[in-house]
Amino acid sequence: MIEALNKKLMRDLWRIKGQMLAIILVMACGISTFIMSFGVIDSLKLSQDVYYDRYQFADVFAQLQRAPQGIKQQVMDIPGVSAVEMRVVFGVTIQVDGMDEPATGKLISLPDGRTPLLNNLYLRRGRMLYPDEDGAILSSEAFADAHGFALGDRISMVINGHRQALKIVGIVLSPEYVYSLGPGALFPDDKRFGTFWMSQRSLEAAVDMDGAFNDISIRMDRGGNQENIKQELDIILKPYGGLISYGRDEQMSNWFVQNEMDQLRVMGYFAPVIFLCVAAFLVNVVMTRQVATQREQIGMLKAVGYTNGEISLHYLKMVLMVVVVGSILGVGTGVWLGAGMTNMYTQFFHFPILQFSFSAEVMIFSVLFCTVSAVIGTLTAIRAAAKLPPAEAMRPESPTHFRRTFLERMGLEKYFSHLFRIVIRHVERRPVRTLFSTVGIGLSMSILIFAFFMEDSINYMLEVQFDMAQREDISLGFVEPRSINALEEIRLLPGVLKVEPVRSVAVFLKFGHYAKRSSIMGLAPEPDLHRILDRDLRAARIPEQGLALSSKLAEVLHVKKGDILTVEVLEDRRPTLKIRVAEIVEEFIGLSAFMNIDQLNQHLNEGAVITGAFVMVDPLWNGPLFQKIKDIPAIASMNILKKAREIFRDIIGENILKMVAMNIIFASLISFGVIYNTARIALSERGRELASLRVLGLTRGEVAYILFGEMTIIILMAIPVGLGIGYLMVLGMAQSMDTELFRIPVIVDKDTYGLSVIIVIVSSVLSFYLVWRQVENIDLVSAQKGVE
Amino acid sequence: MSENNGVNGNITFRTEGLTKDYVTGETVVQALRGVTLEIPKGDMVVLLGPSGSGKSTFLNIIGGLDSPTSGEVYFKKDKLSDYSEQQLTRFRRHNVGFVFQSYNLVPSLTAYENVALVTDIALDPIPPMEALKAVNLENRARHFPSQLSGGEQQRVAIARALAKRPEVLLCDEPTGALDSETGIVVLKALQEVNKNYGTTTIIITHNAAIADMADRVIYFGDGQVVDVKVNKNPVGPEEISW
Ligand SMILES: Nc1ncnc2c1ncn2[C@@H]1O[C@H](COP(=O)(O)OP(=O)(O)OP(=O)(O)O)[C@@H](O)[C@H]1O
Ligand SMILES: [Mg+2]
């Protein structure tokens, strides 16, 4: 209907296309990060739900020493239990040709002649096992792919001291191992840890577990009470060396996936809200200016009978066009980024299918949020104009009221040149806008700090972990506790420079009504390889009496130095001990408790035993040493710390780099958007004034000084603001990442601050350049007439 | 002069004791101080008076652009001074055509589109092209305001005002910026509209000679009506001596 008005709309839009483009880009950043994060969460959730549901992921899990299969009925009788599956799970070492160091694996029994009721396998390639099939296994896809194993290839494993070459007949995935972490490993390493499935009968025979099991999973009825089931299960399993049972929330793989989604959710709200608020602010600034320049046109439109509604709608449409373009761009980019991120997750999470998808709600919500924030930004800009009576609106605005600024009133006047006075009076004249511009630029900088911080702190965490705490080259784990004499045998292996004992025991720690499953690590009194660090990250002595708890574990249990913990040992005779907390130590990874090894052995009433060793190796001897270790059946696991660090660098480092790159792009867009728009508006507001000054004989440089002086002051104010907000964001992030597995230390390098400032300055210079080109083109005649 | 209380169907505007004060800071400007007037239907009325005498203020108030400080304005039988903001908008939209002193064209729209801006929302408009023809501008329809001379812009403004077939046409110094020849063209256009459609037309001017073409001349002075003259034999604009 209102065609002429729509034409005006398009032409006006075109005239301020640069500013609108800047807004579109900021909006697109907001929408795309939102769609990316929530799309990825949705995709993970969907894959997970479908997978868990179709492949009967269990609800309750427990490990035990050994129990006869006959107790099954007892477990079935627990109220709320609908299905039970009992398995044999056994650690193995694997020899892979061409790899010096041994890999470890988990061999899991599969019932013969029927499909498992719980934790069923997804067959990727090949076939399932035949009943009672000997010499054949199914391999986890990740391990097979990491080594390029094909169907029919044989894998050489040491099972219970016997070497066997087993044929891979199928490649599978399991809902229990979506995320799979080897024993003692910090990061997933598909080359050095794999999961395998074998006929139950064959496995029972191989590990002397005929008619017995050591792993149980349970599915609950709909109305089942998990706490209840766990308690009763623990009672039944206790005589059989049962460890405390746990639900999905503590199941390693599920916990990781869940944790990842939780973190994405925090990020998913955080960034888009910032982007869209900045967009709303820019919309407001641009529209306020637009309305101001068109004040007389608005008066005329009202005079000829356009309603306030129609006029507001006219300006709203202008913004809505921007929202539409920003949304399309944002959704497109979001899908692209989301697909990339999902693809990255396929490296860590092994789902049968993990494809990026996003729900209509996610899209609608983000677009709606964007629209609403933009509409609010517009309406506040139009409100004043809509209120004005038409007769008044048609009169040009009276000259703005200026006054001496605060600084001048302070008596600093005599130090200011006339040009500088013009500059600071403008800064002071619109305090709200100055404030918002400052915050807007500050926010973009804080995003940069935040991005770099992730890199800094992860590097720092690795440094602390590997250079200060876990300084051993390799850590060995035995199949079962051995006499301390084993240490001497290890010392004699080729290339071994130094050995330290460790006695690790699984425990259940209790304090009041807080409880946590953990393990106590018994260490030499003054360990040199595997050290513990105090709060100041200095090597600490192992207390002679009592426990040293990691700060996170102390926090989880709500204990402080001097409290007495109840320690339920989950091994052998399973004594319950009372041990005092002697020290709180710092640890960024894991939830550990440490103790003097001799004292621990005393508490356990065992002789001098160890469960593993930390070893320092002459790197020249790596090959022969690893070869030797592969042949020692008593060694169940071996972690090469340097490899772990490399893997972390490769996989996580690369992904973090991508995220940092993305954040840099986004932050640059924001700072560019804010700075360009503010400078452009300043030009538009003062075009006439600047042209007059040029007519009076000022040089272009002097005019630019006035125009960019204001911006420069705002940017200078924004830098401390950005540093402050950035630091707060970092604290917030560290807080949200403070999980039981990882703590992110709040470490911000000087470089991070420097780089952030540099990027903001670069985008300022670019904005200035673009606006400068327009200053050069100021037409002195038409500027005098006030035609923009 | 006003006993009929607006019942007389031949009266378009009637004001009674109209005042308008502008308050700026400490000072109060009394732009209108009690204007009582009647403007009959179909008349061509000219408002004369010195600068600052309140002519524009008066025109803005009867056109529904501004509201009086006190006093009453009637448009036919309706009390305009009691109108709500919405009713005023509707009144302007359907009944009034304005020609502003400063043209007030939208710079981003062509002459044609500027006229269409008004016909888009009118009930029974003249097609924009015809309105432009009425002011002899059909061949400049596709030009933007910046490509038109002042007189041409003013004529576009007139085309825009008359295109909605308003009942009243209010013009604030429509020839103020024009040379005499162009002025005549503009005035002729206004007179034709007045004659052909019976549009009540009120024109503010500083050119006393223009008064010769009016049915009625109202003299303003210091916010009041000083004199009203009825012209029995109005002349055509071409006969006016500038
Ligand atoms: N918005 C305003 N604020 C303050 N005073 C005003 C305002 N508008 C008009 N005035 C004052 O009201 C008085 C009448 O103004 P008005 O514009 O009606 O005069 P006019 O007769 O149209 O004059 P001119 O012939 O110069 O256009 C003047 O003294 C003017 O200064
Ligand atoms: Mg006037």
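The values are calculated or read from the model by the stated rules, or taken from the named source; none is laboratory data. No experiment lies behind these values; they were computed from the predicted model shown. FYI the Cβ positions are ideal-geometry reconstructions off the backbone, even for glycines, and counts take in every protein chain you see. What goes into the accessible areas is simple: the full protein's heavy atoms, side chains included, and nothing from ligands, DNA or RNA. Shrake-Rupley method; radii C 1.70, N 1.55, O 1.52, S 1.80 Å.
Checked against the criterion of being of a type outside the set (A, V, I, L, M), touching a residue at least 24 places away in the same chain (Cβ under 8 Å) and within 16 Å of ligand 2 (Cβ to nearest atom), segment B:62-69 has at least one qualifying residue.
Elements of the type helices (runs of 4 or more DSSP H) sitting completely within segment A:1-83 and holding at least 1 residues that are away from chain B (no Cβ under 14 Å), surrounded by fewer than 21 Cβ atoms within 10 Å (Cβ to Cβ) and not acidic (Asp, Glu): these cover A:17-54, A:72-76. The single condition among (1) over 20 Å from the mean Cα position of the chain (by Cα); (2) within 16 Å of ligand 1 (Cβ to nearest atom); (3) open to solvent by 70 Å² or more (accessible area, probe 1.4 Å); (4) under 29 Å from B:Met213 (Cα atoms) that B:Glu130 does not meet is (2). The set of residues in segment B:31-54 that are in a strand (DSSP E or B) and either away from ligand 2 (no atom under 16 Å from the Cβ) or under 19 Å from B:Pro234 (Cβ atoms) (or both) comprises B:Arg33, B:Gly34, B:Thr36, B:Leu37, B:Glu38, B:Ile39, B:Pro40, B:Met44, B:Val45, B:Val46, B:Leu47, B:Leu48. Scan segment A:291-303 for residues that are open to solvent by less than 10 Å² (accessible area, probe 1.4 Å) and within 8 Å of another protein chain (Cβ to nearest Cβ) and the total you get is 5.
Within segment A:261-274, identify whether any single residue is small (Gly, Ala, Ser) and assigned to a helix (DSSP H, G or I), and answer yes or no. Break it down stepwise before answering.
If we filter segment A:261-274 for residues that are small (Gly, Ala, Ser), which is where we start, we get A:268, A:271.
Imposing the further condition that a residue be assigned to a helix (DSSP H, G or I) reduces the set to A:268, A:271.
Within segment A:261-274, one or more residues are small (Gly, Ala, Ser) and assigned to a helix (DSSP H, G or I).
In segment B:19-29, the qualifying residues are those that are within 22 Å of the chain's Cα centre (by Cα) and away from ligand 2 (no atom under 16 Å from the Cβ), and the one that is farthest from the other protein chains (Cβ to nearest Cβ) is B:Thr19. Beta carbons closer than 8 Å, at least 6 apart along the sequence or on distinct chains, pair a first residue in segment B:98-120 that is away from ligand 1 (no atom under 16 Å from the Cβ) with a second that is open to solvent by 20 Å² or more (accessible area, probe 1.4 Å) and hydroxyl-bearing (Ser, Thr, Tyr) for B:Pro107/B:Ser146. Could you tell me whether segment A:233-244 includes any residue that is basic (Lys, Arg) and over 15 Å from A:Asp59 (Cβ atoms)? Within segment A:233-244, one or more residues are basic (Lys, Arg) and over 15 Å from A:Asp59 (Cβ atoms). Filtering segment B:207-227 to residues that are in contact (Cβ under 8 Å) with a residue 60 or more places away in the chain, within 17 Å of the chain's Cα centre (by Cα) and not in a helix (DSSP H, G or I) leaves B:Ala214, B:Asp215, B:Arg216, B:Val217, B:Ile218, B:Tyr219, B:Phe220. Being in a helix (DSSP H, G or I) and within 16 Å of ligand 2 (Cβ to nearest atom) is not true of B:Phe91. The residue list A:Glu488, A:Glu500 contains one member that is among the charged types (D, E, K, R) and closer than 19 Å to A:Gln602 by Cα, which is A:Glu500. Applying a threshold of 7 Å to beta carbon distances and a minimum spacing of six or more residues, or different chains, the list of pairs starting in segment B:47-60 at a residue that is free of Cβ contacts under 8 Å to residues at least 12 places away in the same chain and ending at one that is more than 6 Å from ligand 1 (Cβ to nearest atom) reads B:Asn60/A:Ala391; B:Asn60/B:Asp66. The residue list B:Glu152, B:Glu173 contains one member that is within 16 Å of ligand 1 (Cβ to nearest atom) and more than 12 Å from every other protein chain (Cβ to nearest Cβ), which is B:Glu173.
When the residues of segment B:41-57 are narrowed to those that are away from ligand 1 (no atom under 11 Å from the Cβ) and either within 14 Å of chain A (Cβ to nearest Cβ) or farther than 17 Å from B:Asp227 by Cβ (or both), which ends up least open to solvent (accessible area, probe 1.4 Å)?
B:Met44
Residues in segment A:279-290 that are closer than 20 Å to B:Leu105 by Cα and away from chain B (no Cβ under 14 Å): A:Arg289 alone.
So that you can scan it fast, the table gives a plain yes or no per residue for (1) modelled with pLDDT under 90; (2) surrounded by 14 or more Cβ atoms within 10 Å (Cβ to Cβ); (3) under 15 Å from A:Leu591 (Cβ atoms):
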position: A:Asp536; (1), (2), (3): yes, no, no
position: A:Ala548; (1), (2), (3): no, yes, yes
position: A:Lys560; (1), (2), (3): no, no, no
position: A:Thr566; (1), (2), (3): no, yes, no
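B:Val185: out of contact with any Phe, Trp or Tyr (no Cβ under 9 Å at 6 or more places or on another chain), under 19 Å from B:Thr12 (Cβ atoms), more than 16 Å from ligand 2 (Cβ to nearest atom) and in a helix (DSSP H, G or I), yes or no? No: the conditions fail for B:Val185. Just to be sure, is B:Ile203 closer than 23 Å to B:Asp179 by Cβ, in a strand (DSSP E or B) and within 16 Å of ligand 2 (Cβ to nearest atom)? Yes, satisfied. Those helices (runs of 4 or more DSSP H) of segment A:574-679 in which at least 2 residues are hydrophobic (A, V, I, L, M, F, W, C) and within 25 Å of A:Asp467 (Cβ to Cβ), considering only elements entirely within it, cover A:622-630, A:641-647. Here are some residues: B:Ser67, B:Ser108. Which one is facing chain A (nearest Cβ under 8 Å) and surrounded by fewer than 21 Cβ atoms within 10 Å (Cβ to Cβ)? Checking each option against the conditions leaves just B:Ser67. Restricting segment B:70-92 to residues that are of a type in the set (Lys, Arg) and either crowded, with 21+ Cβ neighbours inside 10 Å or more than 8 Å from every other protein chain (Cβ to nearest Cβ) (or both) leaves a set whose member that is farthest from A:Leu13 (Cα to Cα) is B:Lys77.
Being surrounded by fewer than 23 Cβ atoms within 10 Å (Cβ to Cβ), within 34 Å of the chain's Cα centre (by Cα) and polar (S, T, N, Q) is the requirement here; does A:Asn308 meet it?
Considered against the rule, which asks whether it is surrounded by fewer than 23 Cβ atoms within 10 Å (Cβ to Cβ), within 34 Å of the chain's Cα centre (by Cα) and polar (S, T, N, Q), A:Asn308 comes out as no.
Determine whether segment A:247-265 contains at least one residue that is surrounded by 20 or more Cβ atoms within 10 Å (Cβ to Cβ) and either farther than 27 Å from A:Leu123 by Cα or within 14 Å of another protein chain (Cβ to nearest Cβ) (or both). No - not one qualifying residue is present in segment A:247-265. Remark: A:Tyr306 matches the filter, which requires a residue to be outside any helix (DSSP H, G or I) and within 14 Å of another protein chain (Cβ to nearest Cβ).
A single entry from A:Arg154, A:Arg222, A:Arg201 fulfils the requirement of being in contact (Cβ under 8 Å) with a residue 24 or more places away in the chain and open to solvent by 10 Å² or more (accessible area, probe 1.4 Å): A:Arg201.
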